[in-house]
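One structure is given here, and the rest of the page talks about it.
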Amino acid sequence: MPRRATSTLDESALARLLERQDGVVSRGQLVGLGASRADVRRLLARRELVPVHPRVYVDHSGTPTRRQREWAAVLACAPAALHRESALDAHGMTRDRTSGAGDRAIHVLVDRERRVVPPPGVIVERASDRQAWVQDNRRPPRAAFDFAVLKVAGDRTDADSIALLSDAVHQGMTTAARLVDTIDRLPRLRRRALLREILADVAAGTRSVLERRYLRDVERAHGLPQGERQLRQDTASGAVHRDVRYPVERTLVELDGAFGHRDAVDRWADLQRDLDAAVEDHVTLRPGWAQVLEPCRLAGLVAAVLQSRGWAGAPVRCGSACTIVDSGASGPT
């Protein structure tokens, strides 16, 4: 009777690899650890390994976790790295999450020259400079955070892009300055000009672009009263500068271009400014980038406040797609 061949599989090394990769391993990695075809058949027959994708296995027979699905996608398309929303998840970004996150497709990034047929549930994107953006030392490998978040932002609406980038800065995952530097390295990024304009303004600590857009797209485009700008006022707590003031209607618009948390001093200063305004019978509105990027909707809201405080006029439509209705209220957006 022929003697059964002795297995050369390094069982200890396999256990360590499964621990590092959340219980997922590829056939190529098994072969690298000395596994023969018979070893692989034995592991599959005993259900010690169960296929997730062709030539990719998990070490249990239950439903793979989200992290195991990420590993399986990376190994199925190797060399590959998590990308877009999948990279944001792996980096630990907890804002901007939607329900059913565990069921979303896994995005991976591979070299442009490769032709990869992704398994079901995996979306492949190719890049000529993949290595410049990939963190291969992370588990699992993933695209750098700034690169991944800008790629996602480039595919969203203006308001959703700003909300996403604001969330990223808010959580300390990046800074506006870092995002500007990354945009400068991505000449083909979608909506690059808008994102760079906004982020550069935020990084510089100014609101010039935001203020200009409010004046052009909200106030002038919709026939609102002309506000006073950068008005210096002496209040009980000292001199302050108002972004926009509608004196007759006693209404202030303070344009908030900050991303994320501002320090306690800034927040106290905002509260004090609002208190000073309230004492003088002024109401304060604080729109940010997300609101200014929906100018018709914001114009309707500002107009409603102005009308409630004595303005006899009505906003006008800025174009055929404007959501301002004839009555002077803002329609659905």
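Results, tabulated for the structure shown:
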quantity: Span per principal axis, largest first, for the Cα atoms of the stretch 1-159 (Å); calculated: 73, 34, 25
quantity: Radius of gyration, Dmax [the stretch 11-62; alpha carbons; angstrom]; calculated: 9.8, 27
quantity: Phi to ³J(HN,Hα) by Karplus 6.51 cos²θ - 1.76 cosθ + 1.60 over the stretch 11-20, Hz, x for Gly, Pro; calculated: 4, 5, 5, 5, 4, 5, 5, 4, 5, 5
quantity: Neighbour-count ranking [beta-carbon atoms within 10 angstrom, fewest first] of Arg242, Arg139; calculated: Arg139, Arg242
quantity: Residue-by-residue Karplus 3J(HN,Hα) for the stretch 141-157, coefficients 6.51, -1.76, 1.60, Hz, glycine and proline x; calculated: x, 8, 5, 4, 4, 4, 5, 5, 5, 6, 5, 5, 4, x, 9, 9, 5
quantity: Calculated from backbone phi, Karplus (6.51, -1.76, 1.60) coupling profile of the stretch 176-186 in Hz, x at Gly/Pro; calculated: 4, 5, 5, 5, 4, 4, 5, 4, 5, 9, 10
quantity: Mean separation of Cα contacts under 8 Å, 6 or more apart, over the residue count of the stretch 67-203: relative contact order %; calculated: 23 percent
quantity: Lys, Arg +1 and Asp, Glu -1 on Cβ, resulting dipole of the stretch 67-203 about Cα centre, debye, nearest 20; calculated: 380 debye
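Computed from the coordinates by the stated procedures, all read-outs in this text should not be read as laboratory data. The shown structure was predicted, so the numbers you read here are calculated from the model rather than taken from an experiment. Cβ coordinates were reconstructed from backbone atoms using ideal geometry, including for glycine residues, and neighbour counts include every protein chain displayed.
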